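What follows is a short report on a single structure.
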Ligand code: SAH
């Protein structure tokens, strides 16, 4: 654990009492000086976790095909805001733009925006996308409101914090983090119950709620409704809201102790796509939800793989096939990762 961050968290608890999982999450990932995402590039083999765009160029290319299809569906407008939120190393956007270059009118219509809070990753994105005219933002609020938007977020939602609630003695309590024996951080429950209306709860059930993910989806859908456009949100999660503790911390490609490695580990939880889908639909948007494997196959990933295999060396061929398999196979990322499409 980052010593400075641990000291800060403990003094916050001494002053204010136990903190929610949401507050702890924000300290660990987003503290302006010591937060996990603020201080590093966590991606790739040498980092803590690997994502689909880092596994194969085919991933970003398929999203490029999806984006071009949206542009077509919208009637080939002369101006579109192409937005990626949480763009990591900029790899997805770079692969997407390789496809866009094949359709000059589409490429010409694009204003490219990246929404990114990490200075370390912004630098990586600047290097990767040198040669393109890109603007950076801290939030979706500053994306200009004068044209339709096509927004992409891969493994963005899972970086936004959740609250957890546990059912005990017939009532819901919020899970909190306090200080236990030998000055160690420990989990506990809020002193007073929380009025959650969830029927059929059983003793020890845990439920996760993310006000931040919901507020983002709300803003995005309002934007799509008023200006037109589409969004693609990809993450691990479930299509139907369900009970369960999915909070996890990952460091060097392995699970680790959430309360020990704060600031040094990625913290995530499964995305409740069922809940986000119903928010989008209430606002009048159309949605679809499917596995990553089925989305990529329908978009033509196998054809594109065959195309690039033709000019590849033997070693490259093995890598292309392995990457493709990892992205689409049901036992790998094909089913666990969900693709939610939102359209105005
Ligand atoms: N999409 C990339 C990176 C996923 S990691 C990929 O697939 O490889 C999560 C990304 O979200 C990182 O770029 C991180 O810095 C960014 N991020 C985390 N919290 C954010 C926030 N509140 N607003 C914008 N970006 C955020």
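Values as computed for the structure displayed
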quantity: Matching helices (runs of 4 or more DSSP H) fully within region 67-156 where at least 2 residues are within 16 Å of the ligand (Cβ to nearest atom); calculated: 91-100, 119-128
quantity: Residue, farthest from the ligand (Cβ to nearest atom), within region 157-170, restricted to residues that are surrounded by 15 or more Cβ atoms within 10 Å (Cβ to Cβ) and assigned to a strand (DSSP E or B); calculated: 167
quantity: Subset of region 53-66 [crowded, with 24+ Cβ neighbours inside 10 Å and in contact with a strand residue (DSSP E or B) (Cβ under 7 Å, 6 or more places away or on another chain)]; calculated: 53, 63
quantity: Those residues of region 246-277 which are farther than 23 Å from residue 37 by Cβ, in contact with a strand residue (DSSP E or B) (Cβ under 7 Å, 6 or more places away or on another chain) and touching a residue at least 40 places away in the same chain (Cβ under 8 Å), in sequence order; calculated: 277
quantity: Those residues of region 14-44 which are touching a residue at least 12 places away in the same chain (Cβ under 8 Å), surrounded by fewer than 18 Cβ atoms within 10 Å (Cβ to Cβ) and over 19 Å from residue 159 (Cβ atoms), in sequence order; calculated: 14, 17
quantity: Hits in region 45-59 (condition: touching a helix residue (DSSP H, G or I) at 6+ places or on another chain (Cβ under 8 Å) and either more than 18 Å from residue 332 (Cβ to Cβ) or away from the ligand (no atom under 13 Å from the Cβ) (or both)); calculated: 58
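Every number here is computed from the coordinates shown, using simple stated rules; none is lab data. These numbers were taken from a predicted model, which means no experiment stands behind them. Here the Cβ is made from the backbone with ideal geometry for all residues, glycine too, and neighbour counts use every protein chain on show.
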